[in-house]
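Participant: Can you read through this structure? Questions will come right after.
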Amino acid sequence: MIPFDFKDSALASSWSALTKRPLADLAIGNHALRQHQAELLNAAQVQSVPAHGHTYVVASSAWLELEDVLAFMAQATAGRLVATDGFVIIARNGASGTDVPVTRSFLINHPWDLLLANERFLAKKQDYTRAVDCHPSLYVDGRLQVGKGTKILPGVVIEGDVVIGDDCKIGPNCYIRGATSIGNRCHVGQSVELKNSILMDGTNVGHLSYVGDSVLGAKVNFGAGTVTSNLRHDGKNHRSLVGDALIDTGRRKFGAIVGDGVHTGINTSIYPGRKIWPGATTRPGAIVERDILS
C-alpha cells in the first residue's frame, strides 16, 4: 500500500461566508471531498508503484485529477506536485527535485472553486443510477442520478449532468441544467430553475426562483421568487470581496455563495458574485447589492 498523509491547508477568509464545517466534509456531487480524495488515491495505488518508497502528503483542500497524480508518481526522481497557480498539492516528505507540472488539479481556495470541482466530477462520473421510478413526463437530455425516497413531480426537465440525493422533492415544472448537485432532503419548488449549482443537504428553493452558478449551503431556505444574477453587463469575470481585496473568481458566470442556514424573503434579488453569511436573512423584496454578514 502507498502511504498517504493528509495535511490541512490554511483556508481563505471567504470560507466563513459558506460554512464553519471542515472543507473536507463538504459535498461535491453529493460525495464529501475527503471521499473523493480517498477514492482517487486508491485508484492511483492500483495503477502505479511509488518511487523510492516515499510517503505522499496530500493537501486537504486539493481537488485532484488522476492523470496528474499518476504522472507525478511515475517520476523516477523525488519531486513535488505543484498546481498551476504555484501552490503545492502533493509533496513527498523530505524530498527535493524537479517540479512536476499540473494540468488539471487545483486547490479549492474559495467557495466558488467548488463549482469547478463539481463540473469536473460530474463530467467524469459514469455510474449515474436512479434508485426510484420517476414520473413518466420527466424529460432528460443528459445524465441523471436520483437517490432513494426522492420524488420527481410532473413536467420536470433535466439537461446536462445532474445528481439528486435521497428524500428530495423536485417540481412540478422545474428546469434543472448544467452540472448541478442537489443534496439529501432538499425541496425544489414549482417552476424553479437551477443551473450549474450546488445545493447542500436540507436546502429548500421556493417556487418561481432562479439559482444559477451558485453554491447554497446546508438548510438554506429561499423564499418564493428569490433570484440570483450571474452575468455582468460587460461580460468580464466576476470579482468577489475577500477581506479588503476584490478577487478575480475566474468565472464569467457566477451567482452567489449562500451560507448554511440562510433564509431569504420572497422576491429577494441577489447581485452576481455576492456572499450571504451563515444564518443571515433578507426581507421580502430585498436587493442584495453587497455581501451580507451574519
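Participant: Using a Förster distance of 25 angstrom, determine the FRET efficiency expected from the C-beta separation of residue 35 and residue 139, and round it to 0.05.
Facilitator: 0.20
Participant: Here's a follow-up. Using alpha-carbon positions, what is the distance between the centroids of the range 112-162 and the range 218-291, in Å?
Facilitator: Computed from Cα coordinates, the inter-centre distance equals 24 Å.
Participant: Highest mean first, how do 142-155, 34-47, 205-218 rank when packing is the count of other Cβ atoms within 10 Å averaged over residues?
Facilitator: Going by the mean number of other Cβ atoms within 10 Å, highest first, we get 205-218, 142-155, 34-47.
Participant: What ratio of Cα Rg to 2.2 N^0.38 Å holds for the range 139-288?
Facilitator: Here the Cα radius of gyration is 1.00 times the empirical estimate.
Participant: Taking the number of other C-beta atoms within 10 Å as the exposure measure, put 290, 185, 104 in order starting with the fewest.
Facilitator: 290, 104, 185
Participant: Under a cut-off of 17 Å between alpha-carbon atoms, report the aspartates and glutamates in cross-link reach of residue 275, not counting same-chain residues fewer than 8 places apart.
Facilitator: 113, 213, 244, 248, 260, 289, 291
Participant: Which percent, to the nearest 5, of DSSP beta bridges fully inside the range 139-288 are antiparallel?
Facilitator: In the range 139-288, approximately 10 percent of DSSP beta bridges are antiparallel ones.
Participant: So, one more: Using Cβ counts within 10 Å as a stand-in for footprinting exposure, how do 31, 238 rank, fewest first?
Facilitator: 31, 238
Participant: Here's something else I'd like to know. Return the long-range amide H neighbours of residue 241 (sequence gap of 5 or more, or a different chain), with a cut-off of under 5 Å between placed amide H atoms.
Facilitator: Under 5 Å from the amide H of residue 241 lie the amide H atoms of 247, each far enough along the sequence or on another chain.
Participant: What list do you get for 139, 128 if you sort them by fewest beta carbons within 10 Å?
Facilitator: Going from sparsest to densest Cβ surroundings: 139, 128.
Computed from the coordinates by the stated procedures, all read-outs in this text should not be read as laboratory data. Predicted, not measured: the structure shown is a model, and the values here were computed from it. Reconstructed Cβ throughout: ideal geometry from the backbone, glycine too, with neighbour counts over all protein chains shown.
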